[in-house]
1. Counting just the residues of segment 198-219 that are part of a helix (DSSP H, G or I) and more than 21 Å from Lys66 (Cβ to Cβ), which one comes out least open to solvent (accessible area, probe 1.4 Å)?
2. Only one residue in Asp266, Asp251, Asp247 is part of a loop (DSSP other than H, G, I, E, B), out of contact with any Gly (no Cβ under 9 Å at 6 or more places or on another chain), surrounded by fewer than 22 Cβ atoms within 10 Å (Cβ to Cβ) and free of Cβ contacts under 8 Å to residues at least 12 places away in the same chain, so which one is that?
3. Test Ala236 against the stated conditions and say whether it is touching a residue at least 24 places away in the same chain (Cβ under 8 Å), closer than 30 Å to Pro432 by Cβ and either outside the structural domain of Glu83 (by the TED database) or open to solvent by less than 40 Å² (accessible area, probe 1.4 Å) (or both).
4. Kindly provide the set of residues from segment 152-172 that are exposed (fewer than 13 other Cβ atoms within 10 Å of the Cβ) and touching a residue at least 60 places away in the same chain (Cβ under 8 Å), ordered by number.
5. Just checking, which of Ile335, Ile314, Ile323 is closer than 29 Å to Ala185 by Cβ, assigned to a strand (DSSP E or B) and open to solvent by 30 Å² or more (accessible area, probe 1.4 Å)?
6. Which one of these is buried (at least 19 other Cβ atoms within 10 Å of the Cβ) and not acidic (Asp, Glu): Gly225, Gly189?
7. Working carefully through the options His43, His37, find the one that is modelled with pLDDT under 95 and open to solvent by 40 Å² or more (accessible area, probe 1.4 Å).
8. Being in a loop (DSSP other than H, G, I, E, B) and hydroxyl-bearing (Ser, Thr, Tyr) is the filter here, so list the residues in segment 107-144 that pass it.
Amino acid sequence: MTIQADYLVIGTGAMGMAFVDTLLTETDATVVMVDRHGKPGGHWNDAYPFVRLHQPSAFYGVNSEKLGNDAIDVTGWNKGLHELASGAEVCAYFDHMMQRRFLASGRVQYFPMCDYRGEKSFQSLVTGEIQQVVAQKVVDATYMNVSVPSVTPPKYDVASDATLMPLNDLPTLSAPHSQYVVIGAGKTGMDACLWLLSNQVSPEKISWVMPRDSWILDRANIQPGQDGATIGIEGAAEQMKAVADSDSIDDMFARVEANGQLLRIDDSIKPSMYRCATVTELELRQLKRIKDVIRKGRVQRVARGQLELDEGVIATNEDALYIDCTADALARRPIERVFDGEKITLQTVRFCQQVFSAAFIAHIEASYSSEEDKNSLCTVVPHPNTASDWLRVTLAHSINQLAWTADKSLNEWLGNSRLDAFTQPANSTLQPTEAMLTAVEKITRYGPEALAKLQHYIELADEMGSESVA
């Protein structure tokens, strides 16, 4: 069977949905969407049941319809900040968008439970039927390869006598353990620790395997609305000044940390990782209650009563529960040309902002004809991994932003994009305040020197090796 459409989109995860939503708004294109899952939402279908967004709902989803009610949380460790949608809410939102907007438009055909086979063909996982698509372009919305513990086996050995589970299974616990060993230092590991603490597990019973300490973002600095816009642009200005005033990489990180743009769990440990994880002050306070932090490299093997790591063996309680949080949710992928003939490969063009990036790429596809122009506006900002990557993504983000704001029509689009957490002052619903204008002047003053310093520090980091930096 042959199906015709302008675009074949592989994947109905967050990036695929954000891309198609913008196409529907800005073009008359027809689309075929294919995904292995039974419902749209991608990895959200496999995420742990207590997962929530790590950024405000106001900046997530698709451009055409808000997610959530712009509420301020009044309880919990996100208290006082804008709401974070639960995994169930995100899945319901994407299903709603598929049914009520995409399919209702008559321009989208959706094929769940299907595996893309290449060459514009896909096969049903239910019936085995193979279908061919005649499309002008193929959009790969799966390239970022988001993975979660429930569907990603650990890379270390697990002895038959060890009790191990992915954090997805934590809510199924039916009996207590004398020790909980959280394996993984990223945001998933943080969420596992916070879940245990929120369920009254004593911090003394939690051991946290942390191969690398991380620089973390303060979620209070990433908020919507007038106040959020003011905080965001003031923070950007202070960050520019901190970089410009610094005289070494270490001094730069110290200055950026001092003005509240970066956080860390242990003030005595020099972070070597940066993965865009966000926390609140209350969450950070809770995480700091855990004192048994194991810094002996990566886990090689878990067994009853014993944990083997790169740099030694640690004794654990006989009934210790090992909690796997090692899946690389934001894998660093090789950079591909976003626009390459008939193929569009969705990647981040703003650091750690996947859905915004997908919507932005769709807008560029709809608004510009030259492939060279399209790619020049869509310089990829790959997911960071090491501390030195903070330098790289900050520089790449700043260069992209300068290019975008120099384009009047593109700057206008940014200002009206619901998913854009960085260009809020341009939105017509927000009025520039004196504080904002002062911050803009500071960015103008310190920006050129800051960008030059970042480039210099990147060259130094490359000479030293990423693991030696901060």
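1. Our first condition is that a residue be part of a helix (DSSP H, G or I); within segment 198-219, this holds for 198, 203-205, 219.
Checking which are more than 21 Å from Lys66 (Cβ to Cβ) leaves us with 198, 203-205.
Details: Ser198: 55, Pro203: 14, Glu204: 150, Lys205: 93 Å².
Among residues in segment 198-219 that are part of a helix (DSSP H, G or I) and more than 21 Å from Lys66 (Cβ to Cβ), the one least open to solvent (accessible area, probe 1.4 Å) is Pro203.
2. Working: Asp266 fails: free of Cβ contacts under 8 Å to residues at least 12 places away in the same chain; Asp251 fails: part of a loop (DSSP other than H, G, I, E, B).
Asp247 is the lone residue from the list that is part of a loop (DSSP other than H, G, I, E, B), out of contact with any Gly (no Cβ under 9 Å at 6 or more places or on another chain), surrounded by fewer than 22 Cβ atoms within 10 Å (Cβ to Cβ) and free of Cβ contacts under 8 Å to residues at least 12 places away in the same chain.
3. On the way: touching a residue at least 24 places away in the same chain (Cβ under 8 Å): yes; closer than 30 Å to Pro432 by Cβ: yes; either outside the structural domain of Glu83 (by the TED database) or open to solvent by less than 40 Å² (accessible area, probe 1.4 Å) (or both): yes.
In short, yes.
4. Lys155, Asp157, Asp161, Pro171
5. On the way: Ile335 fails: assigned to a strand (DSSP E or B); Ile323 fails: open to solvent by 30 Å² or more (accessible area, probe 1.4 Å).
The conditions single out Ile314.
6. Just one listed residue meets the conditions, Gly189.
7. On the way: His37 fails: modelled with pLDDT under 95.
Step by step, each of His43, His37 is checked, and only His43 is modelled with pLDDT under 95 and open to solvent by 40 Å² or more (accessible area, probe 1.4 Å).
8. Step one: filter segment 107-144 for residues in a loop (DSSP other than H, G, I, E, B), giving 107, 112-113, 119-120, 125-129, 141-144.
Listed by number, the residues that qualify are Thr127, Thr142, Tyr143.
The values are calculated or read from the model by the stated rules, or taken from the named source; none is laboratory data. Computed from a predicted model, the values in this text were never measured in an experiment. Heads up, the Cβs are rebuilt from the backbone with ideal geometry, glycines too, and the neighbour counts pull from every protein chain shown. For the accessible areas, the whole protein counts, side chains as well, though only heavy atoms, and no ligand, DNA or RNA atoms are used. Shrake-Rupley method; radii C 1.70, N 1.55, O 1.52, S 1.80 Å.
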